[in-house]
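Undergrad: Please see the structure below; I have some questions.
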Amino acid sequence: RNPSNLQKNMADDRVLGGSVDACKMFREYALLGDYQTSMVYYDGLKAQIDLYRKSVTDLKAKAAWDEAARELEDELSVVRGIAAEVEYFKQAPGAASTAAAASAAHQKSVAARARPEPASSVHQVRAAE
């Protein structure tokens, strides 16, 4: 192997290893109901994946990473919807405006449609490479 390729592969492994951990934490905090922390992990995960996607030259691998990023965005939408519903239910009865109620109902329907896969999208992409 070429030394520059070896360095690139080592850097890729660090980015991807961190992505797997961030994905686990994003999902775990969401499952535990700590939605704000979950979203912070998502932001870090998205930054790592975006950075890595810029370095991918293989079109098939790039398409797989693009799909993984879309799936994670869908998961984030579910987390945001649940967080919005939790906030809605914390309000005193009658305190929420009609717009807030409509927004919560919309988020609930989005959450019902999106069903994240139990396996990590990041792991699935790594297996495809």
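The values are calculated or read from the model by the stated rules, or taken from the named source; none is laboratory data. Remember, predicted model here, so these are calculated numbers, not experimental data. No Cβ is skipped: glycine too gets one built from the backbone with ideal geometry, and neighbour counts run over all protein chains shown. Heads up: the accessible areas ignore ligands, DNA and RNA and are worked out on the full protein's heavy atoms, side chains in. Shrake-Rupley method; radii C 1.70, N 1.55, O 1.52, S 1.80 Å.
Undergrad: Solvent-accessible area per residue for the stretch 18-84 at a 1.4 Å probe radius, Å²?
TA: 54 Å²
Undergrad: If I model a spin label at residue 20 and residue 77 as a point 7 Å from the Cα along the Cα→Cβ vector, what separation in nanometres do I get?
TA: So the two model labels end up 2.8 nm from each other.
Undergrad: Once both labels are modelled 7 Å past Cα along the beta-carbon direction, what's the residue 86-residue 54 spacing in nm?
TA: About 3.2 nm separates the two model spin labels.
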